[in-house]
Amino acid sequence: MQAELLDPALKGTLNVLKSCVNLPTLERVVLTSSVAAVANNGKPLTPYVVVDETWFSDPDLCREAKVF
């Protein structure tokens, strides 16, 4: 699944960022993601949780659950 999903996404993102380097008027690049990046980490999600970079999905947990 990594070769089917992650590798193309990484390659595509890097291609876009490399192209951005050649645009002198470009001031900002905003990279968005999906909930999949933070949904599979084993932590309980409650209304009081602030989801930030500590909430990234756990690769081992994703492999075990075969969602990766």
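The values are calculated or read from the model by the stated rules, or taken from the named source; none is laboratory data. Model, not experiment: these values are computed from the prediction. Every residue, glycine among them, receives a Cβ derived from its backbone with ideal geometry; neighbour counts consider all protein chains shown. Side chains included, ligands, DNA and RNA excluded: accessible areas come from the protein's heavy atoms. Shrake-Rupley method; radii C 1.70, N 1.55, O 1.52, S 1.80 Å.
Counting just the residues of segment 20-41 that are open to solvent by less than 100 Å² (accessible area, probe 1.4 Å) and in contact (Cβ under 8 Å) with a residue 12 or more places away in the chain, which one comes out nearest to the chain's Cα centre (by Cα)? The residue in question is Ala37.
Considering only segment 46-63, how many residues are surrounded by 12 or more Cβ atoms within 10 Å (Cβ to Cβ) and either part of a loop (DSSP other than H, G, I, E, B) or acidic (Asp, Glu) (or both)? Looking only at that region, the number is 4. Among the residues in segment 25-35, are any assigned to a helix (DSSP H, G or I), among the aliphatic types (A, V, I, L, M) and under 19 Å from Glu64 (Cα atoms)? For segment 25-35, residues assigned to a helix (DSSP H, G or I), among the aliphatic types (A, V, I, L, M) and under 19 Å from Glu64 (Cα atoms): absent.
Every residue in segment 42-61 that is under 13 Å from the mean Cα position of the chain (by Cα) and not β-branched (Val, Ile, Thr), please. If you could, list the steps in order and put the result at the bottom.
Initial filter on segment 42-61 (under 13 Å from the mean Cα position of the chain (by Cα)): 52-59.
Correct list: Asp52, Glu53, Trp55, Phe56, Ser57, Asp58, Pro59.
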